[in-house]
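Colleague: Starting off with a structure, shown below.
The values are calculated or read from the model by the stated rules, or taken from the named source; none is laboratory data. Computed from a prediction, not measured in an experiment: that's the story for all the values here. Cβ placement follows ideal geometry from the backbone for every residue including glycine, while neighbour counts extend to all protein chains displayed. Calculation scope for accessible area: heavy atoms of the full protein, side chains included, ligands and nucleic acids excluded. Shrake-Rupley method; radii C 1.70, N 1.55, O 1.52, S 1.80 Å.
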Amino acid sequence: MAAPVIATVLTLLVGSLLFAVLGYDPLATLQAFFITPLNSLNGLSEWLLKASPLILIACGLAVGFRANVWNIGAEGQLIIGALAACGVGLFYPNPDSWLLLPLMFFAGAIAGMAWAAIPAFLRARMNTNEILVTLMLTYIATLLLSWLVHGPWRDPAGFNYPQTALLSAAAMFEPFDYAYRLNASVFITVVAVFLMWLFTDRSFLGYKMSVSGAAPLAARYAGFRESAAVWTGLLAGGAAAGIAGMAEVSGPLGQLSPQISPGYGFAAIIVAFIGRLNAFGIVLGGLLMSLLFLGGEAVQMNLGLSAALTRIFQGILLFFLLAADFFIFYRLRRIPEHA
Amino acid sequence: MDLFIAIFTGTIIAATPLIFAALGELVVEKSGVLNLGIEGMMLMGAAFAFWAIVAGLPMPVAILAGALAGAAASLLFGVLALTFLTNQYAAGLALAIFGSGVSAFLGRNFGSAPIDALKKIYIPYLSDIPVIGPMLFRFDPMVYFAIIMFFVISWFLYRTKGGLVLRTIGESPETAHAIGYPVIRIRYLAVLFGGLMAGLAGAYLSVAYTPLWVENMTAGKGWISLALVVFATWRPLRVLLGAWLFGGMTILQLQGQALGIAVPSELLSALPYLATIVVLVIISQNRQMLALHFPASLAKPFRPAT
């Protein structure tokens, strides 16, 4: 578990260096980035609100990553999940029915899985690389969302803004307190983390997935089917991302607009790696990543720095994490000149 | 006829950044390294080239700045993948995210004004030939340079000893190491070359093709270039043909939007991505052809035994 901590510390160091180069007081900026956002109840609520989808998606993705199934398109699966959930919320005949929220939940999950089933089928049956297919489908999902909110689903009473009508109260998760945005959807993430732990540490299927990833030949010899790992991995990621999309629509968003995610689907990939592909680590990784998002927004508002800093920090964090692994798995040794 | 010429030249121009990026990645993959970070390197190239223009530097310097930015970015990947032996998928993804962040950060003050694009050259006499002149001899220099790079890379890979060594390293780094070739150093050079080419591709987008700054302006062209290399089954000529095919697709859907075809523009814009998937599926069916030119050590970390 040392590598993630080392990587975080190094990222902070490079971050303060970067701030200094840009002409900001490093300590004050670091404080504005990482500490001030958590100084209030609202800050803590936002922290968990953003960590929730990251952790949820990372759990789903980690299932696949364990078996070397590279679902890079969680962002697209999130968008499709949000689309399906919002569609149910908008067009279900009785907008006040208690059934609405559960229906939207299943719509989001199934839609996310369906979107991920395309690369799963193509990889398992057609031998097609899932990295590229999941990514291409993300671009397509973004365009589909854009078309719906500019066209057929645009709110007629919305002053021509590209957005759908607001969802009814029955289609939304109850916030814990109406002063803050944190809502009951975090319980879904808690359940997902528990399921993830069960899957990786207590299930035979999880074991088979790990073997497929770590030693593909051994897995084949033992009779574990590769296609099963592909389907399980992609569908788990798709379901998690679809549910996360639903929770966004039924939570902080309340409607669809052309841009519904600040890149949760991509950031969750990093979260899964920082978390070492296990449930407990992913929770910590998600909290850290959420803080990066919050900090990026905070320094943008308070110091006029660009929120793109968040993505720079994400990249640096992953760089350092990967490099730190090297020093953990290998020991450097001086070789005498004439060995 | 004018429409045909417009579509033809548009195709060649739209294919140019793909040719740069995909040919660069081809060389990288031929050495047995998989750099997924093309999108990030292209964005770095685009941002730095645009920055140079905004700062008042001349066009050639701007393009060079873009190329060097791509190479610098690729070095980050190289250190991780080649020196620290990390998972190449993860290192490439980190680069893609990092590059998109750095370019967006740089670009925050660029504004939305277009710049003076790279000038087209009318090649004397040849450009005056009816039909063929406007079709072939009225491009900006980078278009020709991309074609030249195709010949140079084909020649290097298959007609020089350096190319043979590079391909050997891609097939079996152990063998190349045993013979005495510096595997890691040559892979570094390949990765740097790939970065240079991706940087050029990005620079072409921001100073010639668009020519204005939009955040994440590559819009997946880096990923499509990756797909092109697979589609080409790791052969240069097919990279070229594939790039033209995708360039044509881009131009046709733009023409479709301009002609007001009764299909929503978003759905037309999705066509190149959809085509990428379809093409990948078709090519993946022919396992034999894929295996024939696939660098056997692709994405496998290599550590020379001491």
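Colleague: May I ask for the distance between the Cα centers of segment A:283-339 and segment A:120-194, given as a whole number of Å?
Modeller: With segment A:283-339 and segment A:120-194 each reduced to a Cα centre, they are spaced 28 Å.
Colleague: Now, a different point. I need the calculated FRET efficiency for the pair A:Leu303 and A:Tyr207, taking r as the beta carbon distance and R₀ as 51 Å, to the nearest 0.05. Don't skip to the answer; put the middle values down first.
Modeller: Values: r = 48 Å, r/R0 = 0.95.
E between A:Leu303 and A:Tyr207, to the nearest 0.05, is 0.60.
Colleague: Given a 1.4 angstrom probe, I'd like the percentage of the accessible area of segment A:40-303 that is carbon and sulfur, rounded to a whole number.
Modeller: On the way: 7180 of 10640 Å².
Ligands and nucleic acids excluded, carbon and sulfur give 67 percent.
Colleague: Quick check: the angle from helix B:236-258's long axis to the longest principal axis of chain B, C-alpha only, nearest 10 degrees?
Modeller: 30
Colleague: In addition: Near A:Lys208, which aspartates and glutamates are there with a Cα under 18 Å away, not counting those fewer than 8 places off in the same chain?
Modeller: A:Glu226
Colleague: Something else: Any chance you could list the semi-axes, whole Å, largest first, of the equivalent ellipsoid that the Cα gyration tensor gives for segment A:79-130, using √(5λ)?
Modeller: Taking √(5λ) for each eigenvalue gives 30, 8, 6 Å, largest first.
Colleague: Considering all projection directions equally, how large on average is the shadow of the alpha-carbon convex hull of segment B:2-293, in square nanometres?
Modeller: Reported value for the Cα convex hull: 16.5 nm².
Colleague: Given bins 10 angstrom wide, list per bin the percent of all Cα-Cα distances in segment B:36-164, short to long.
Modeller: P(r) for segment B:36-164, in whole percents per bin: 12, 27, 32, 22, 7, 1.
Colleague: Further question on the same structure: Tell me the angle of helix B:161-171 to the major Cα principal axis of chain B, expressed in degrees between 0 and 90 and rounded to the nearest ten.
Modeller: 70
Colleague: So, one more: Need one word for segment B:6-106: rounded, prolate or oblate. Basis is the Cα gyration tensor (sqrt eigenvalues a ≥ b ≥ c); a/c below 1.5 gives rounded, then a/b vs b/c decides. Display every interim value, and only then the final one.
Modeller: Details: a/c = 2.19, a/b = 1.35, b/c = 1.63.
It is oblate, given that a/c is not under 1.5 and a/b is not larger than b/c.
Colleague: List the lysines whose alpha-carbon lies under 25 Å from that of B:Lys119, not counting same-chain residues fewer than 8 positions away?
Modeller: B:Lys119 reaches B:Lys221.
Colleague: What residue among B:Ala81, B:Ala198, B:Ala296 has the largest mean-square fluctuation in a Gaussian network model of chain B, using Cα springs under 10 Å?
Modeller: Highest fluctuation of the listed residues: B:Ala296.
Colleague: Residues of segment B:86-112 with amide nitrogen under 18 Å from the 7 Å Cα-to-Cβ point of A:Leu332?
Modeller: B:86
Colleague: Can I ask one more? Over segment A:105-223, how many percent of alpha carbon pairs lie in each 10 Å bin up to the one with the longest distance?
Modeller: Values per bin, smallest distances first: 10, 21, 33, 21, 11, 3, 0.
Colleague: Restricting things to Cα coordinates, could you compute the convex hull volume per residue of segment B:111-200 in Å³? Could you put the intermediate results ahead of the total?
Modeller: On the way: hull volume 13.8 nm³, N = 90.
Dividing the Cα hull volume of segment B:111-200 by its residue count gives 153 Å³.
Colleague: Something else now. Among B:Gly40, B:Tyr181, B:Leu292, which residue has its Cα furthest toward the positive end of the charge dipole of segment B:2-293, with +1 on Lys/Arg Cβ and -1 on Asp/Glu Cβ?
Modeller: B:Tyr181
Colleague: Another one. What are the extents of the Cα atoms of the protein assembly as shown along their three principal axes, in Å, largest first?
Modeller: The Cα atoms of the protein assembly as shown stretch 74, 69, 56 Å along the principal axes, largest first.
Colleague: How long is the gain from B:Ala291 to B:Val152 if the chain were fully straight, where each residue apart is worth 0.36 nm and the alpha carbon distance is subtracted?
Modeller: Full extension of this stretch gives 47.6 nm more.
Colleague: Could you compute the longest span of chain B free of chymotrypsin sites (Phe, Trp or Tyr not before Pro) located in DSSP loops and having at most 16 other Cβ atoms within 10 Å, not counting the site residues?
Modeller: In short, B:126-306.
Colleague: Summarise the partner chain shielding of B:214-225 as one whole number: the mean count of Cβ atoms from other chains within 10 Å of each residue's Cβ. It would help to have the intermediate numbers written out before the result.
Modeller: Working: counts 0, 2, 0, 0, 0, 2, 5, 0, 1, 7, 4, 0.
Shielding by partners across B:214-225 averages 2.
Colleague: Take the alpha carbon atoms of segment B:208-306, find their radius of gyration, then divide it by 2.2 N^0.38 Å using N residues; give the quotient.
Modeller: Normalised Rg, Cα atoms only: 1.36.
Colleague: Let me ask you something else. How far apart, in nm, are two points set 7 Å out from the Cα along the Cα-to-Cβ line at B:Leu259 and at B:Leu164?
Modeller: 5.1
Colleague: Write down the accessible area per residue of chain B in Å², having rolled a 1.4 Å probe over the full set of protein chains.
Modeller: The answer is 40 Å² per residue.
Colleague: Give me P(r) over segment A:24-88, computed from all C-alpha to C-alpha distances, binned every 5 Å, as integer percentages.
Modeller: 4, 14, 14, 15, 14, 14, 13, 9, 3, 0
Colleague: Same structure again: Sequence neighbours fewer than 8 away in the same chain don't count; with that in mind, list the aspartates and glutamates whose C-alpha is under 13 Å from B:Lys300.
Modeller: Filter leaves B:Glu29, B:Glu171, B:Glu174.
Colleague: May I ask you to give the average projected area over all directions of the convex hull of the Cα atoms of chain A, in nm² rounded to one decimal?
Modeller: About 21.7 nm², averaged over all directions.
Colleague: By how many degrees, 0 to 90 and rounded to 10, does the Cα axis of helix B:221-231 deviate from the longest principal axis of chain B?
Modeller: 60
Colleague: Return the ratio Rg/(2.2 N^0.38 Å) for segment B:88-146, where Rg is computed over Cα atoms only.
Modeller: 1.84
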